[in-house]
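Structure first, then comments.
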Ligand SMILES: Nc1ncnc2c1ncn2[C@@H]1O[C@H](COP(=O)(O)OP(=O)(O)OP(=O)(O)O)[C@@H](O)[C@H]1O
Ligand SMILES: [Mg+2]
């Protein structure tokens, strides 16, 4: 097995605009080694979320390719891309994207059911995952009954319930106060280690970047590996 989980080559993204187009980046190369935790930093609007969406198969690149576990992520139809995504990639966003009318347990179980797991089995596994993020007792609560940090932990449980090989987190602590954010971050770090994940974390926060093995700075359409995490 290759030691590279994720490889992006010559990646480019151009958005169509009402008048003309916006080229966010082009010819971008990136790789993530197995077990690695990488941070991506950079000014607002530079293209971090755009890049993460391409690396995770949420959006197609205008040019270039992404290989995940040796498999060309965009080779198939949108449905096939979605299937790879559901099996192999966990996403955590700044806004939690939980379904408000469903309980924490139901929210965490959905990726399993989408993958074809029977309801009962999905609930058992989802309950285990909620335990792992310290929310075993909140299984019957709806998102509106949970604090921001708790909702983010539910979202993390949901992102990892399928045992993905890759975790992509876009400012996972951006909406939380520093203390809660740090607790959520420690949880991500702990799960990253215990589950043998490879992870990319987009963050504006240098304190958070310091926890990562590698820190990249995105600037004017390029990615620079910083010699050392910012101090
Ligand atoms: N769907 C879209 N259509 C058109 N332009 C878009 C679209 N999504 C993003 N953009 C533009 O692409 C650029 C990069 O946006 P992106 O969201 O990737 O930035 P970011 O680095 O994640 O910023 P932030 O730190 O504020 O989250 C911005 O100029 C943004 O306005
Ligand atoms: Mg963003």
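Every read-out reported here was derived from the displayed coordinates using simple, explicitly stated rules and does not represent laboratory data. Since this is a predicted model, take the numbers as computed values, not measurements. When we count neighbours, we look across all protein chains shown, and the Cβ atoms used for this are built from the backbone with ideal geometry, even at glycine.
Annotation: of all residues in segment 32-46 being farther than 18 Å from residue 84 by Cα and under 15 Å from the mean Cα position of the chain (by Cα), the one that is farthest from ligand 1 (Cβ to nearest atom) is 35.
Mind listing just one residue for me: the one in segment 45-63 that is surrounded by 19 or more Cβ atoms within 10 Å (Cβ to Cβ) and away from ligand 2 (no atom under 16 Å from the Cβ) and, of those, farthest from residue 190 (Cα to Cα)? Here the residue is 61.
The single condition from (1) surrounded by fewer than 19 Cβ atoms within 10 Å (Cβ to Cβ); (2) more than 14 Å from the chain's Cα centre (by Cα); (3) touching a residue at least 60 places away in the same chain (Cβ under 8 Å); (4) not in a strand (DSSP E or B) that residue 26 fails is (4). Looking only at residues that are in a strand (DSSP E or B) and touching a residue at least 60 places away in the same chain (Cβ under 8 Å) in segment 30-39, which one is farthest from ligand 2 (Cβ to nearest atom)? That would be 33. Residues in segment 52-73 that are within 13 Å of ligand 1 (Cβ to nearest atom), touching a residue at least 40 places away in the same chain (Cβ under 8 Å) and not in a loop (DSSP other than H, G, I, E, B): 52, 54, 55.
All but one of (1) within 18 Å of residue 162 (Cα to Cα); (2) within 16 Å of ligand 2 (Cβ to nearest atom) hold for residue 120; state the number of the condition that does not hold. The number of the failed condition is (2).
Residue 42 meets each of the listed conditions (1) away from ligand 2 (no atom under 16 Å from the Cβ); (2) touching a helix residue (DSSP H, G or I) at 6+ places or on another chain (Cβ under 6 Å) apart from (1).
Mind listing whichever residues of segment 164-182 are over 13 Å from the mean Cα position of the chain (by Cα) and closer than 19 Å to residue 107 by Cα? Answer for segment 164-182, where residues must be over 13 Å from the mean Cα position of the chain (by Cα) and closer than 19 Å to residue 107 by Cα: there is none. From the list 100, 16, the one residue that fits, being within 14 Å of ligand 1 (Cβ to nearest atom) and exposed (fewer than 13 other Cβ atoms within 10 Å of the Cβ), is 16.
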